[in-house]
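Taken together, the values in this text are just the output of simple stated rules run on the coordinates, not laboratory data. As the structure is a computational prediction, the values presented were derived from the model and not from experiment. Counting neighbours? That spans all protein chains shown, and the Cβs are built from the backbone with ideal geometry, glycine included.
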Amino acid sequence: MAIIANIFIDQGTDFSITVDVTDTSGGALNMSGYSAAAQIRKTYGSSSVSSTFTTSIAEATGQVTLSLTDTQTTALESGRYVYDLNVTSGGGQTTRVVEGQAIVTPGVTR
């Protein structure tokens with residue numbers, strides 16, 4: 001079962017967050033051979049993707065970093081969205097690690 005975690009994204013800035021992925025005993029999951037995918041959509045039922053995170057995996061420490069550029073966050077209208085992060089093992093098993101609301105706060109400086 002995925003952890004619920006809401007994130008706040010400042011419009012017009014670079015955004016990055018690191019997620020710790022653990023195994024069933026609570027230790028860092030060795031993510032050798034894993035891939036990761038994360039998206040933002042307006043609602044869970046939306047057919048279109050609002051933005052796709054760039055993902056980076058630190059295999060030995062079980063950490064996945066999600067990133068958006070300032071250009072990507074500028075393109076997002078302020079408001080509430082939903083997001084999630086799925087990881088897929090080398091054997092093809094996909095697990096949702098974290099999900100929640102992504103709140104985009106408007107910027108003033110352009």
Task: Qualifying residue in the range 61-77 (condition: under 19 Å from D23 (Cβ atoms) and more than 16 Å from the chain's Cα centre (by Cα)) - done: yes
Task: Extreme residue, farthest from S89 (Cα to Cα), among residues of the range 11-62 that are exposed (fewer than 13 other Cβ atoms within 10 Å of the Cβ) and among the aliphatic types (A, V, I, L, M) - done: V49
- [ ] Just one of (1) touching a residue at least 60 places away in the same chain (Cβ under 8 Å); (2) surrounded by fewer than 14 Cβ atoms within 10 Å (Cβ to Cβ); (3) among the polar types (S, T, N, Q) trips up Q93, so point out which.
- [x] (1)
TODO: Report, by residue number, each residue of the range 63-90 that is in a strand (DSSP E or B) and exposed (fewer than 14 other Cβ atoms within 10 Å of the Cβ).
DONE: G79, R80
Task: Within the range 64-88, tally of residues that are free of Cβ contacts under 8 Å to residues at least 60 places away in the same chain and hydrophobic (A, V, I, L, M, F, W, C) - done: 5
